[in-house]
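J.: My questions all concern the structure below.
Every read-out reported here was derived from the displayed coordinates using simple, explicitly stated rules and does not represent laboratory data. Everything numeric here is computed off the predicted structure, so don't read it as measured data. Here the Cβ positions follow ideal geometry from the backbone for every residue, glycine too, while neighbour counts run over all protein chains shown.
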Amino acid sequence: MTIKEMNPDKKKPKIDYPCLWLYKVVGTDEEEIRRTIIDIMKDRGYKVSLSRSSKAGKYRCLNLETEVADEQDRNKIYTALGNYACIKTIL
């Protein structure tokens, strides 16, 4: 059962673009994740900060904050991040 099926009246939240967007990027190698972000973001303005580490220290979570112009722009960054093997999850 999908979320929409569970709550058919629930609408997608309205996002006013352009806006700042925060991606939580999770992987095992912090430096490799940072290099990946640099590669994806190129000349675009962004901020990266360490968020958390797993209890055992195997996983690192970095915050990536950038301004997105629209939903297509937001999804493009999300998809690009997901194309790298060093990144396990994006929230």
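J.: Mind checking which of 33, 77, 15 has the largest fluctuation in a GNM of the chain, springs on alpha carbons under 10 Å?
T.: Highest fluctuation of the listed residues: 15.
J.: Under 8 Å for C-alpha pairs, at least 6 residues apart: give me the relative contact order for the chain, rounded to a whole percent.
T.: Relative CO of the chain lands at 39 percent.
J.: What 222 nm value per residue comes from the helices of the chain, counting each DSSP H run with n ≥ 4 as -39,500 (n - 2.57) and dividing by all residues, nearest 500 deg cm²/dmol?
T.: So the helix-based figure for the chain works out to -9000 deg cm²/dmol.
J.: So how do 20-28, 37-45 stack up, highest first, on mean other-Cβ count within 10 Å?
T.: Highest mean packing first, the order is 20-28, 37-45.
J.: Which pairs, out of 14/58; 12/55; 11/76; 55/76, put more than 29 Å between their alpha-carbon atoms?
T.: The answer is 14/58; 12/55; 55/76.
J.: A further question on this structure: Mind pulling the angle between the C-alpha long axis of helix 71-82 and the longest principal axis of the chain? Nearest 10 degrees, somewhere in 0 to 90.
T.: That helix lies at roughly 40 degrees to the long axis.
J.: Let me ask you something else. Please check which bits of segment 27-44 a label hung off residue 80 would reach, taking the label as a point 7 Å along Cα-to-C-beta and the cut-off as backbone N under 20 Å.
T.: 27, 30-44
J.: Consider the candidate values (i) 5.5; (ii) 7.4; (iii) 6.1; state which one is mean projected area of the Cα convex hull in nm² computed from the structure displayed.
T.: (ii)
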